[in-house]
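J.: Mind having a look at this structure? Questions to follow.
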Amino acid sequence: MPYSDATTWARSITALAAGAAARTVTSKDSRLRHGIARVIDVTAPTQTGQARFRTEADMLEPLVNAASRFGARSTVLLEVPCTAGVPDLVLLELDRRAMRARGDIGAVEDFVDVRVMVTTAQVHRPTGTIWTAELMAQHVGVTTAHLRRTVLPRLVEGGHMRRVSQGWQPTYRYRSLARRVVTIEAKLRDWRGAVAQAARHTAVADAAWIALDDASAAAAQRNSEWFSAYGIGLATVRVDGAVEQWIEPGAPRTSRFEREFLVERSVSLYLAGRVSGELPNVFGRTLVATTGSDPRLVGAAAR
């Protein structure tokens, strides 16, 4: 299922449908060979004198380049679907020891599966504890039948659990694969909408940021109490690539299950050598709203 920045997508399609001064072109470089189309000039040039970004996608590359300012030693992923939506950027400080301890066993990519594995780590001897489906159901909030038929067999197939005569055992002690998780939501001007999105991200990230086009950030900067109330940070991005941080995020408000689900989804992309989740696909072509380099396509966020 394709995942995208819904706001950017809607604005692009609306502009085209309204017959705005937009032109759809197919790139003649390597993107053409990969079936990638680009929508360019989706907004009219600003009349204010201060340079503005044309699309939110154009803000991604400066943010990727400035990733170390939001989290040292960060691995950058884009468009990772999770329980809080699809953050534009996810920055992970990977726990290499935890990844080595898991070995060749892959990521846990279903939310219920993550809940099961996190639950197994909450006992004194995780790998020595046998779980019945009935006991696990009490902890994770799903039916015994669903665990037996779907969840536990899937975890066994993935190498995370083993079947024993009395029930199921984890094959390793579950640990988070990320020491720190940061999300960034890029917005051209709708700072209130960005606050609403980033507020949801506080459940999945240790720090949630909004990055606004510097040309449109004055109103947000005057309303710092919104950011303090929701515990989110504010940064600005200029068209010359400069990124400034104005308000620091508050203390973490994460949900353990939801945080680990985002981590596992992100690590799954990372291990597959990908930098982005799925992008919109129309008639076999990837369609993105950008006027320049897009790290989701050209690998600016590659490991």
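J.: Report the accessible area of S224, computed with a 1.4 Å probe over the heavy atoms of all protein chains in place, in Å² rounded to the nearest 10.
T.: 50
J.: V86 accessible area, nearest 10 Å², 1.4 Å probe?
T.: Counting only protein heavy atoms, the figure is 40 Å².
J.: Please report the net charge: other residues with Cβ closer than 15 Å to the Cβ of A229, K and R +1, D and E -1.
T.: Charge balance near A229 sits at +2.
J.: Can you list the HN-Hα couplings for segment 216-224, worked out from phi with the Karplus curve (6.51, -1.76, 1.60; θ = phi - 60°), rounded to whole Hz and with x for Gly and Pro?
T.: 10, 8, 4, 5, 5, 5, 6, 10, 4
J.: For W246, list long-range residues whose amide hydrogen, built 1.01 Å from N in the peptide plane, is under 5 Å from its own amide hydrogen.
T.: Those lying under 5 Å, H to H, from W246 are L234, A235, T236.
J.: Give me a comma-separated list of calculated 3J(HN,Hα) values for segment 77-82, in order, Karplus coefficients 6.51, -1.76, 1.60 applied at θ = phi - 60°, integers in Hz, x for any Gly or Pro.
T.: 10, 10, 6, 9, x, 8
J.: Also, I was wondering about something else. From the phi angles alone, apply the Karplus equation (6.51, -1.76, 1.60; θ = phi - 60°) to segment 189-199 and give each ³J(HN,Hα) in whole Hz, x where the residue is Gly or Pro.
T.: Result, rounded to whole Hz: 8, 7, 5, 5, x, 5, 4, 4, 5, 5, 4.
J.: I would also like to ask the following. Can you tell me the relative contact order of segment 111-193? Whole percent, Cα pairs under 8 Å, sequence separation 6 or more. Please list the in-between numbers first.
T.: Values: 75 pairs, mean separation 28.7, N = 83.
Contact order relative to length: 35 percent.
J.: Here is a further query. Would you kindly state how much longer the chain becomes between A272 and A51 on full extension, computed as 0.36 nm times their sequence separation minus their alpha carbon distance, in nm to one decimal?
T.: Working it through step by step, the gained length comes to 75.8 nm.
J.: Could you pull out the GluC sites (Glu not before Pro) across segment 103-189 that fall in loop regions by DSSP (anything but H, G, I, E, B) with no more than 15 other Cβ atoms inside 10 Å?
T.: When the GluC sites (Glu not before Pro) of segment 103-189 are filtered for loop state and at most 15 Cβ neighbours within 10 Å, E109 remain.
The values are calculated or read from the model by the stated rules, or taken from the named source; none is laboratory data. Values in this document were obtained by computation on a predicted structure and should not be read as measured data. For neighbour counting, all protein chains shown are included, and Cβ atoms are generated from backbone atoms with ideal geometry for every residue, glycine included. SASA here: full protein model, heavy atoms, side chains in, ligands and nucleic acids out. Shrake-Rupley method; radii C 1.70, N 1.55, O 1.52, S 1.80 Å.
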